[in-house]
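Have a look at the structure below, then the notes.
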């Protein structure tokens, strides 16, 4: 079906699950979709993870699957993808056809701390990059880590938001959904969220839709209440490949 490779970047603590590393790629391969999950993220800042991703694509993806790449980033993985496209990709060693972010906190999330602490940065050095203040470094022009949309790459986003606490999936997610929603409402903001990230924070590029699922949906095996994840990614690559017709004109400029 497709002659491009989907390179999937997991979130803050993702990438170690057998399902996203092996099972899902195998199920998609049976449907003629090349889906490769990048290696588990090391405890590194977003920009360091993006450098590691660039090396992985050059050394592993291109020799095996070719130069045409669709980048998908879940949660923090979307910020890594943005940084890769804007600041590291040299446009000659491989072709990034599109970047699709999935429930990514482009405008941050109040669940992340506003200030760094030694303990939190030991847990993960990029954890404070997810706060409202932390993501500013990726969004403000002139900043060291400014990561705007690339003019030669098609940019898309999928959002996630559940409709009620009963859709959270587990007790911890339900509690966080309630706490996050209450805090957003008290701040006079849109309270809709996916148990981790506010809905208003997830938009980037062309919005492809809002999936009624919790935050972890895009990286874990779907439960009986969620849309089939294999079909979701199969339909996404079909769409992305169809959208490629606009790219030759862009790259000829």
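The values are calculated or read from the model by the stated rules, or taken from the named source; none is laboratory data. Since we're looking at a predicted model, the values are computed, not measured. Glycine gets a Cβ as well: all are built from the backbone with ideal geometry, and neighbour counts include every protein chain shown.
Mind counting the residues in the range 18-27 that are in contact with a helix residue (DSSP H, G or I) (Cβ under 6 Å, 6 or more places away or on another chain) and surrounded by fewer than 21 Cβ atoms within 10 Å (Cβ to Cβ)?
Counting residues in the range 18-27 that are in contact with a helix residue (DSSP H, G or I) (Cβ under 6 Å, 6 or more places away or on another chain) and surrounded by fewer than 21 Cβ atoms within 10 Å (Cβ to Cβ) gives 1.
If residue 156 satisfies all but one of (1) surrounded by fewer than 19 Cβ atoms within 10 Å (Cβ to Cβ); (2) within 23 Å of residue 50 (Cβ to Cβ), what's the number of the condition it fails?
It is condition (1) that residue 156 fails.
Of all residues in the range 206-223 being assigned to a loop (DSSP other than H, G, I, E, B) and closer than 20 Å to residue 25 by Cα, which is farthest from the chain's Cα centre (by Cα)? Walk me through it before giving the result.
In the first step, residues of the range 206-223 are kept if they are assigned to a loop (DSSP other than H, G, I, E, B); the result is 212-214, 220-223.
Those still in the list that are closer than 20 Å to residue 25 by Cα too: 220-223.
On the way: 220: 13, 221: 17, 222: 17, 223: 20 Å.
The residue in question is 223.
Working only within the range 193-205, note down all residues that are closer than 17 Å to residue 138 by Cβ and outside any strand (DSSP E or B).
Pass one, the range 193-205, residues closer than 17 Å to residue 138 by Cβ: 197-198, 200-205.
197, 200, 201, 202, 203, 204, 205 - these are the residues of the range 193-205 that are closer than 17 Å to residue 138 by Cβ and outside any strand (DSSP E or B).
Please find, within the range 156-175, the residue that is farthest from residue 105 (Cα to Cα) out of those that are within 20 Å of the chain's Cα centre (by Cα) and not in a loop (DSSP other than H, G, I, E, B).
The residue in question is 173.
Given the structure, is residue 2 at pLDDT below 95, surrounded by 15 or more Cβ atoms within 10 Å (Cβ to Cβ) and under 29 Å from residue 201 (Cα atoms)? Steps first, please.
Values: at pLDDT below 95: yes; surrounded by 15 or more Cβ atoms within 10 Å (Cβ to Cβ): yes; under 29 Å from residue 201 (Cα atoms): no.
No, not satisfied.
Looking at the range 224-234 only, could you name the residues that are over 17 Å from the mean Cα position of the chain (by Cα) and in a helix (DSSP H, G or I)?
Listed by number, the list holds a single entry, 231.
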